[in-house]
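Here's the structure, in C-alpha cells; my notes come after.
The values are calculated or read from the model by the stated rules, or taken from the named source; none is laboratory data. Please read all numbers here as calculations on a predicted model, not as lab measurements. Because the Cβ atoms are built from the backbone with ideal geometry, glycine has one as well, and the counts that use them run over all protein chains shown. Surface accessibility is based on the protein's heavy atoms, side chains included, excluding ligands, DNA and RNA. Shrake-Rupley method; radii C 1.70, N 1.55, O 1.52, S 1.80 Å.
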Amino acid sequence: MAGEQLQVLNALDVAKTQWYHFTAIIIAGMGFFTDAYDLFCISLVTKLLGRIYYHVDGMEKPGSLPPNVSAAVNGVAFCGTLAGQLFFGWLGDKLGRKKVYGMTLMLMVICSVASGLSFGHTPKSVMATLCFFRFWLGFGIGGDYPLSATIMSEYANKKTRGAFIAAVFAMQGFGILAGGIFAIILSSSFNAMFEAPSYEVDALRSTVPQADYVWRIILMVGALPAALTYYWRMKMPETARYTALVAKNAKRAASDMSKVLQMDIEAEPQKIEQVKEQKSGFGLFTKEFAKRHGLHLLGTTSTWFLLDIAFYSQNLFQKDIFSAIGWIPSAKSMNAIDEVYRIARAQTLIALCSTVPGYWFTVAFIDKMGRFAIQLMGFFFMTVFMFALAIPYDHWTHKDNRIGFVIMYSLTFFFANFGPNATTFVVPAEIFPARLRSTCHGISAASGKLGAIVGAFGFLYLAQNQDKAKADAGYPAGIGVKNSLIVLGVINALGFLFTFLVPESKGKSLEEMSGENEDNEPQGEAEPPSSSGRRTAPVA
C-alpha cells in the first residue's frame, strides 16, 4: 500500500456517526449485557443455594455453601471465561471475527439454560453439574470479550471510536442492573405466593420447596438476550480491516463496506495486488513484536489483572460487606426467598447509583479526556476511597454511619467504571496490528479474569473474621474486612503505576497505533517506529 491506507479503511476512519454504528453497538452490546447478567446473577443466589442444599437441623444459622463449594460456584465461570478469551481471541484472528461470533453466543444460550436445569439427587451432584455448565457458559462469555471489542474498534471511526467500544462494554452495567431487578420481581412474586416464616421462627418452613425454582429461573433467563441477537450477529459482514489486512481481500472489503456505509468505495486494483503480495508480518512470539508492542501488552495485561482483583472481589462479595455493616439483616431474621430479595435490592441500588452512571461517564468523556487520563484518574480515586473505607473501618460499622459507608463504597464502583474497568477493555482493541488484535485483546482480558479468580477465590477467605469463632461456617480465620480493603487499596495503587505503560490512542487510526502503515511501506521509505508506539498523528 506504499504507506497509504486503502480507501475503504480511510472511509471507515472518517465516516460520520451513522445508524450502522448504533446497530453494531446494540448487537455487540447485547452479548455483554448477557455476559454481565450471567456472571453476576450467581452472587444473588449463593445464599439461597446454601439454605436449600446445606441445611442442618438444629443449627442457629441457616445452611450455607461449604467454602470449597462456594469458591467453585463463584469462580468456575471465571475459569471458563479465561480459557474462552484465549481460545476465541486466537480463533478470531485465524478464522475471522464473524465466523467465531455466532459460536460464542450459542454456547452462552445453551449453557445458561443448562445451568438452571442442573440435576442430581444429592447436593454434591447438583453443585457439580451447576459448576460444569457454568464453566462452559464462561467459555462462551470469554469469546465475547475479544470479538466484540475488535469488531467494534474495526467498524468505528477514529473520532468517536473510544465511545463506541466503551458503549459496548457499558451494556455490562445494564446486565448487572437487569439481574438485580429480575431477582427483585421474582423473589417478591414467590414471597407473595408462598408465605414462609423467618428462619428463627421455624427453620424448616423458612425455605419453601418452591425456592428451588427461584435460583433456576434467575440463571436460565440469561439465555434470552443472547438468543434474541443471534440472527443479527449472523447478518453483520466481516470487518473490512480483517478482510483487507488479514484475509488480503481488499475487493471484498470495499464491497462489504460500500453496503454498510451506503457509499461507493473504489476497489483500488493496484493496491489490492500490493496487499496480496505483502508478507503476513511479524508474529506474536517474535523479537519485532516484543520491541514494538511488548511493553504495551505488559501494560494492558497488568492493569486489567490488578483492576479485576479489586473489581470482582468487591462485586461478588458486596452482599457480605452489606451484612457486615448491617445493611442486610441477619440471615436468621429472614426466610430464604426474602434473603434473595434483600441481596438483590442492595446490589441493584449500587448498580443504579454508581455502576451504570460510571460506565456512561466513560462513554461521554473517553474521546475528550483520552483513555490514559481516565484510567489514571479511576485508579487514583479507587485507591483513595478504598483507604478511606479501610482505615476508619470501625467508624463505618456504627449504625449511624452506614449510609456514609454505602456512599463511599458506591464511589469506588463509580470510579472503577468511569476509569480502568472500561479503558482496560477499550485500549487492547486499538493498539495492536489487525492480524494479532483479537489474540492480544484475548490475552489482556484473560489476564483480567485471572485477577477476577484471585478476587473471587482469595477474598472469600481473606475477608473472614480474624476470630475463627465468628468466621462463616467451615471457613478458617481470615484477615477481616478492614485488612482486605487495605490490600485492595494497595492493588489499586499498583494499577495506577502500571497505567504508564499504556499508550494513548485517542484520535488516531488503528493502523497508526499498530504501525501497520509503516509495515506496508517499501524498504528505505519507512520511518522507523518509535519504541513507545506514541506516534504523532493529527487528531480527528
- Task: Return the total of residues in region 184-216 being among the β-branched types (V, I, T) and open to solvent by 60 Å² or more (accessible area, probe 1.4 Å).
- Result: 2
- Note on the structure: When (1) more than 20 Å from S153 (Cβ to Cβ); (2) modelled with pLDDT of 85 or more are applied to T243, the one that fails is (1)
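What helices (runs of 4 or more DSSP H) completely inside region 142-254 contain at least 1 residues that are closer than 22 Å to V100 by Cβ and β-branched (V, I, T)?
Numbers: elements: 161-193, 211-220, 223-235.
Where helices (runs of 4 or more DSSP H) fall fully within region 142-254 and carry at least 1 residues being closer than 22 Å to V100 by Cβ and β-branched (V, I, T), they are 161-193, 223-235.
Is it the case, given these coordinates, that F169 is in contact (Cβ under 8 Å) with a residue 24 or more places away in the chain, open to solvent by 10 Å² or more (accessible area, probe 1.4 Å) and out of contact with any Ser or Thr (no Cβ under 7 Å at 6 or more places or on another chain)? Reasoning before the result, please.
Working: in contact (Cβ under 8 Å) with a residue 24 or more places away in the chain: yes; open to solvent by 10 Å² or more (accessible area, probe 1.4 Å): no; out of contact with any Ser or Thr (no Cβ under 7 Å at 6 or more places or on another chain): yes.
Answer is no for this residue.
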- Item | Count of region 457-511 residues which are open to solvent by less than 20 Å² (accessible area, probe 1.4 Å) and without any contact (Cβ under 8 Å) to a residue 12 or more places away in the chain | 1
- For region 280-313, name all the residues that are buried (at least 17 other Cβ atoms within 10 Å of the Cβ), on the phi < 0 side of the Ramachandran plot and assigned to a loop (DSSP other than H, G, I, E, B). F282, L284
- Item | Filtered residues of region 403-444 (kept if under 23 Å from M369 (Cα atoms) and aliphatic (A, V, I, L, M)) | L411, A416, A422, V426, V427, A429, I431
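Considering only residues of region 20-51 that are of a type in the set (S, T, N, Q) and modelled with pLDDT of 90 or more, which is surrounded by the fewest Cβ atoms within 10 Å (Cβ to Cβ)?
First pass over region 20-51, keeping only residues of a type in the set (S, T, N, Q): 23, 34, 43, 46.
If we keep only those that are modelled with pLDDT of 90 or more too, we end up with 34, 46.
Values: T34: 30, T46: 19.
Filtering first and then ranking leaves T46.
Say we look at region 351-374 and pick out the residues that are small (G, A, S) and touching a helix residue (DSSP H, G or I) at 6+ places or on another chain (Cβ under 6 Å); which of these is surrounded by the fewest Cβ atoms within 10 Å (Cβ to Cβ)? Talk me through it step by step, then tell me what you get.
Our first condition is that a residue be small (G, A, S); within region 351-374, this holds for 351, 354, 358, 364, 370, 373.
Those left that are additionally touching a helix residue (DSSP H, G or I) at 6+ places or on another chain (Cβ under 6 Å): 351, 354, 358.
On the way: A351: 27, S354: 23, G358: 25.
Ranking the qualifying residues of region 351-374, first place goes to S354.
Scan region 53-106 for residues that are of a type in the set (V, I, T) and either open to solvent by less than 50 Å² (accessible area, probe 1.4 Å) or touching a His at 6+ places or on another chain (Cβ under 9 Å) (or both) and jot them down.
Here is the first cut: in region 53-106, the residues of a type in the set (V, I, T) are 56, 69, 73, 76, 81, 100, 104.
Correct list: V69, V73, V76, T81, V100, T104.
On the basis of being out of contact with any helix residue (DSSP H, G or I) (no Cβ under 6 Å at 6 or more places or on another chain) and not β-branched (V, I, T), does A128 make the cut? Working first, answer last.
Working: out of contact with any helix residue (DSSP H, G or I) (no Cβ under 6 Å at 6 or more places or on another chain): yes; not β-branched (V, I, T): yes.
Considered against the rule, which asks whether it is out of contact with any helix residue (DSSP H, G or I) (no Cβ under 6 Å at 6 or more places or on another chain) and not β-branched (V, I, T), A128 comes out as yes.
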- Among the residues of region 375-411, count how many are buried (at least 21 other Cβ atoms within 10 Å of the Cβ) and outside any helix (DSSP H, G or I). 0
- Pick from region 156-166, criterion open to solvent by 10 Å² or more (accessible area, probe 1.4 Å) and within 25 Å of I443 (Cβ to Cβ), ranking: farthest from the chain's Cα centre (by Cα): K158
